[in-house]
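The values are calculated or read from the model by the stated rules, or taken from the named source; none is laboratory data. If you're wondering where the values come from, they're calculated on a predicted model, not measured in any experiment. Neighbour counts run over all protein chains shown; Cβ positions are idealised from the backbone, glycine included. Ligands, DNA and RNA are stripped out before the accessible areas are found, and what is left, the full protein with its side chains, is counted by its heavy atoms. Shrake-Rupley method; radii C 1.70, N 1.55, O 1.52, S 1.80 Å.
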Amino acid sequence: MNATLTLSQVSRSVALPDGTTLRILTGVDLQVAAGEHVAVVGRSGSGKSTLLNIIGLLDAPTSGHYLLDGRPVDGMSARRTARLRGETFGFVFQQFNLLPGRTATENVASPLLYASGREFLRRRRTAREMLERVGLGGRLDTMPEKLSGGEQQRVALARSLVRRPRVLLADEPTGALDVDTGSAVMDVLEELVRREGTTLVTITHDLSVAARADRQFRLDHGVLSEITGDAVAAATAHRETL
Amino acid sequence: MGRWLLGPVAAVTEAWGEVRVHRTRVVLSLVGVFLAVFAMTTITAAGNMGRQLMVESTERTSGRSATLQVSAYPNGAPTLQGTERASQVLREAAERHEVAWWGFVSQGSGQVTVRFPTGAQVVPFSYVDPSYGTMHRAVTDQGRFLTAADDQAFSPRLVVNRAFADLLGGFDERTPTTVVLGGDRPVTATVVGVMEVPYSDGTTPGAYALNSAAQSWGLVDTAMSGPPALELWVPDADAEAFTAALQSEVQAALPGYSVSAYRSDAGEELRVVDLVLAYGVRGVGVFALVLGGIGVLNVGLVTVRQRIREIGVRRSFGATGGRVFFAVLLESVAATFVAGVLAVALSVALLSYAPELLASLLPAGAPLQDVPPFPVSAAVEGLVAATAVGALAGVVPATVAVRAKVIDAIRY
């Protein structure tokens, strides 16, 4: 497999104030191919966000190895890490995290402030094009607080993809939306990543969202294991009958 | 655009965007800095104007900087020959040193009977040379001061104070105002101007006349009054050397006289004013700036904590620690710089368009002859200080922003 992301025996622990150590991730092995869509499900506190942060270079493992496109990322300077993060990853957050006081266009253009050359200079135009692609061409100059939840998440989607990242990391992308709106947002998200060939890693509580991925993983007390297709189908069906 | 240029451009663009979005907070936090720079610049300008007022006021009494006075008093009773000899020695001293501006002056020493319409009254007269007007920056309320042309006039010319003019029933430049002087040998004098007379309280009459007129028309008893004092207007730098030379030369030429050469203008007093301006006014300005800076720092710290999630989101976009630090710092610096520019602009506007307002706040006196220029140095100092305060006040919030844990920031 031509792996974009390779995690080998990745562990993450933190020292607590009482002197004990809390293990958040334990021996995580994960390979994600270019253009693949994987989903990670798990209870709150199971380490999902920590895993996503490590993948997105926002956090570093305590032990283990992480290869990005076959190259190790540990040992890089903070500056190089930040640049690599900006060039490689796009983030979608559960709470959207749109920048207040900026229009939809300014929000989508903001990652391009850290791009170089043509990307920086054409940032507003690129941002407008991205917003049109997510169906918000009529809301270019609208402030986030004037947008509905679904619209805000679509702005966040446009922002996460505006630098054409190779990997999109979505942390509970539908967590703050109702079922129908969440489904619509996922449709847009999947359409965009499919068209761009972007690798997508989704963290979710929602099994129906997880079922849309090519592969599903469960994170339980910091241990990652792959879920078989039958189990996902059963879980999804059970949820739909409720 | 090269990468080396793009980075700073992008950082400035980002910082400006932050200032724009947070303009209300920025404006509120900068009120202190704005007022401090405005106060620094305006008070310095007002101080300069006050200094100039004081300079001009003291120059009217004591002469311009540097005015030297040389007096020679006989140790015994004055005689006509002695007085003439002493005057000759003083004149030769001034001519020997090729001083451009000099003259004899007897401030308030003459006692002249003046026949006012209400009755005769003895009035103190000051006798001066025509150079006095320039050397003492004489400004008349009405009419003009005495000139060299008055030497040739067919009657004594007088410049009188307001009390004198009032006793004559007022002064009108368009019609000659005359008054009879003297007792046994009366002479009709012409009043050519009205101005304040030094050594007069303003309620009793006083007057100026030329030394030549006093001699020609017998207004002064030369034998009894002794020689007048010699005044010389010399460059500041040469004042000390001139004083020493005149003291020794005149004393050597006039045995039996007590010679006193000294600097009579307000140089020393002005140095005190300059010190007050330099340290007092600017000290207050710097103190105000520090207070303004603490305000900026305080608001900056609070705001950074409120914006921690936003900073985390920017880090997820690929913002480096340096870029976050620079953006927060630049926001503070740019904002304080703009506040400084606005403060200086307001100060310039105030001083340019309303100097009368400022002058009215200062002690009353004759109008300024030489309005001091706008204190560019104070404006530059204010701008630099404001920017420095912005930088210092921005460092702490910028450091907090960089140290914020991205993960916590995003989940905040």
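Can you give the FRET efficiency to the nearest 0.05 for B:D238 and B:T204, using r as the Cβ-Cβ distance and R₀ = 45 Å? Show your work: numbers first, answer last.
Details: r = 38 Å, r/R0 = 0.85.
Working from the Cβ atoms, E equals 0.75.
Treat each spin label as a single point 7 Å out from the Cα along the C-beta direction, and report the B:L35 to A:E87 distance in nm.
5.1
With all protein chains present, how much of the accessible area of the range B:64-264 (probe radius 1.4 Å) comes from carbon and sulfur, to the nearest whole percent? Write out the running numbers ahead of the final one.
Values: 4870 of 9460 Å².
Here carbon and sulfur together make up 51 percent of the probe-accessible area.
Find how many whole Å separate the alpha carbon centroid of the range A:136-204 from the alpha carbon centroid of the range B:175-194.
Going from one Cα centre to the other spans 101 Å.
Whole angstrom only: what separates the Cα centroid of the range A:38-87 from the Cα centroid of the range A:88-105?
Here the two parts' Cα centres lie 20 Å apart.
Counting just the Cα atoms, what span does the protein assembly as shown cover along each of its three principal axes? Round to the nearest Å and put the largest first.
The principal-axis extents, from largest down, are 140, 50, 48 Å.
On a 0 to 90 degree scale, rounded to 10, what angle separates helix B:376-403 from the longest Cα axis of chain B?
The helix B:376-403 is inclined about 20 degrees to chain B.
Quick check on the protein assembly as shown: of the DSSP beta bridges with both residues there, what percent are antiparallel, nearest 5%?
On the way: 57 of 83 bridges.
Taking every DSSP beta bridge within the protein assembly as shown, about 70 percent pair in antiparallel fashion.
In whole Å, what is the distance between the alpha-carbon centres of the range B:238-261 and the range B:23-61?
Cα centres, the range B:238-261 to the range B:23-61: 44 Å.
Can you tell me the length gained on complete extension of the stretch A:A78 to A:V223, counting 0.36 nm per residue apart and subtracting the Cα distance?
Details: separation 145, 0.36 × 145 = 52.20 nm, distance 2.79 nm.
Contour length minus the Cα-Cα distance gives 49.4 nm.
I want to check the label-to-label distance for B:E92 and B:L5. Put each point 7 Å from Cα in the C-beta direction and report it in nm to one decimal.
7.7
Quick check on the range B:64-264: of the DSSP beta bridges with both residues there, what percent are antiparallel, nearest 5%?
80
For the range B:64-264, report the convex hull volume of the alpha-carbon atoms normalised per residue, in Å³, without decimals. Let's see the in-between values first.
Numbers: hull volume 23.8 nm³, N = 201.
Considering the Cα atoms of the range B:64-264, their hull volume per residue is 118 Å³.
Please give the total accessible area that chains B and A bury against each other, computed with a 1.4 Å probe and expressed in Å² to the nearest 100.
Working: alone 20850 and 12090 Å², together 30520 Å².
Counting both chains, the buried surface is close to 2400 Å².
Given a Förster distance of 60 angstrom, what is the FRET efficiency for A:R43 paired with B:Y279, based on the Cβ-Cβ distance and rounded to 0.05?
Values: r = 69 Å, r/R0 = 1.14.
Working from the Cβ atoms, E equals 0.30.
With springs only between Cα atoms under 10 Å, which of B:A66, B:A386, B:A334 fluctuates most in a Gaussian network model of chain B?
Fluctuation is largest for B:A334.
Stretch B:Q247-B:R20 to full length: gain in nm at 0.36 nm per residue minus the Cα-Cα span?
Values: separation 227, 0.36 × 227 = 81.72 nm, distance 6.98 nm.
Using 0.36 nm per residue and subtracting the Cα-Cα distance, I get 74.7 nm.
If you build the convex hull over the alpha carbons only and average its shadow over all orientations, what do you get for chain A? Give it in nm² to one decimal. Working shown, then result.
Working: hull surface 57.5 nm².
Taking a quarter of the hull surface, the average projection is 14.4 nm².
Over all residues in A:114-123, what is the mean tally of Cβ atoms on other chains that come within 10 Å of each residue's Cβ?
On the way: counts 11, 4, 6, 4, 1, 1, 7, 4, 0, 2.
The mean count of partner-chain Cβ atoms within 10 Å per residue comes to 4.
Please find the FRET efficiency linking B:S352 to B:F154, where r is the Cβ-Cβ separation and R0 is fixed at 41 Å, and quote it to the nearest 0.05.
On the way: r = 48 Å, r/R0 = 1.18.
For B:S352 and B:F154, the calculated efficiency is 0.25.
Using a cut-off of 11 Å between beta-carbons, work out the net charge of the residues near B:G206 (Lys and Arg +1, Asp and Glu -1, B:G206 not included).
Details: positive: B:R162; negative: B:E196, B:D201.
After counting each charged neighbour, the total is -1.
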